[in-house]
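Worksheet: one structure, shown below.
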Amino acid sequence: AQSVSQHNHHVILSEAASLELGCNYSYGGTVNLFWYVQYPGQHLQLLLKYFSGDPLVKGIKGFEAEFIKSKFSFNLRKPSVQWSDTAEYFCAVNGGGNTPLVFGKGTRLSVIA
Amino acid sequence: EPEVTQTPSHQVTQMGQEVILRCVPISNHLYFYWYRQILGQKVEFLVSFYNNEISEKSEIFDDQFSVERPDGSNFTLKIRSTKLEDSAMYFCASRADTQYFGPGTRLTVL
């Protein structure tokens, strides 16, 4: 069955700390991978995506993610978080084209001063 | 930047009533989706829509649900007879290369 696991339910970091959020997926065939962010009171916004090519993808706001096919992982990273990064982060996967997204449960990130 | 919009932002209804949730996708997108998120749970796929017909639906999308594109801009989700367990955030999305999400409608069924 298709599934996405996000291991961290809630992460609390101080400003300037480094961030890594784990994401593992189970999906047969071609995969496209995504990270979405939901800031408080706002809608889901695309942070970055991987379709093919360089497994290290860079997104908006200094985020990056690395696709490791052998580990079925697509972890999200940021070297130095800011208070404004406080949000919920969702990893998602689909099979390409117009196939629906399968989401993880989300990780809530709280950045404290 | 064009956005997906949804109305209303919050809908409160009595169990057994019909509700219609509205979405205006980004204008040049051709694929449309509904997802929902029950409080504390994952965002779940409901249905996808292309060329005026359903292209895929999940097990959640039973006979109580229907979708329609009544004109060139709106995309609606109708729940015929709401149940308590339909209480959730409902997200509309439209797709070019990736899916862009609307702000959601919070549906509360009493």
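The values are calculated or read from the model by the stated rules, or taken from the named source; none is laboratory data. Model, not experiment: these values are computed from the prediction. Neighbour counts run over all protein chains shown; Cβ positions are idealised from the backbone, glycine included. Accessible surface is based on the protein model in full, side chains and every heavy atom, while ligands, DNA and RNA are left aside. Shrake-Rupley method; radii C 1.70, N 1.55, O 1.52, S 1.80 Å.
Miscellaneous remarks
- The listed residues are B:36, B:22, and the only one of them that is part of a strand (DSSP E or B), closer than 24 Å to residue A:89 by Cβ and under 11 Å from the mean Cα position of the chain (by Cα) turns out to be B:36.
- The single condition from (1) open to solvent by less than 20 Å² (accessible area, probe 1.4 Å); (2) more than 13 Å from every other protein chain (Cβ to nearest Cβ) that residue A:35 fails is (2).
- Whichever residue in segment B:30-49 is surrounded by fewer than 17 Cβ atoms within 10 Å (Cβ to Cβ) and more than 9 Å from chain A (Cβ to nearest Cβ) and, among such residues, is nearest to residue B:90 (Cα to Cα): B:38
- Candidates are the residues of segment A:68-83 that are in contact with a Phe, Trp or Tyr (Cβ under 8 Å, 6 or more places away or on another chain) and open to solvent by 30 Å² or more (accessible area, probe 1.4 Å); the one that is nearest to residue B:60 (Cα to Cα) is A:72.
- Screening B:86, B:97 for residues that are within 11 Å of chain A (Cβ to nearest Cβ) and of a type outside the set (A, V, I, L, M) leaves exactly one candidate, B:97.
- Any hit, segment A:52-61, residues being aliphatic (A, V, I, L, M), crowded, with 16+ Cβ neighbours inside 10 Å, at pLDDT 95 or above and in contact with a Gly (Cβ under 9 Å, 6 or more places away or on another chain): no
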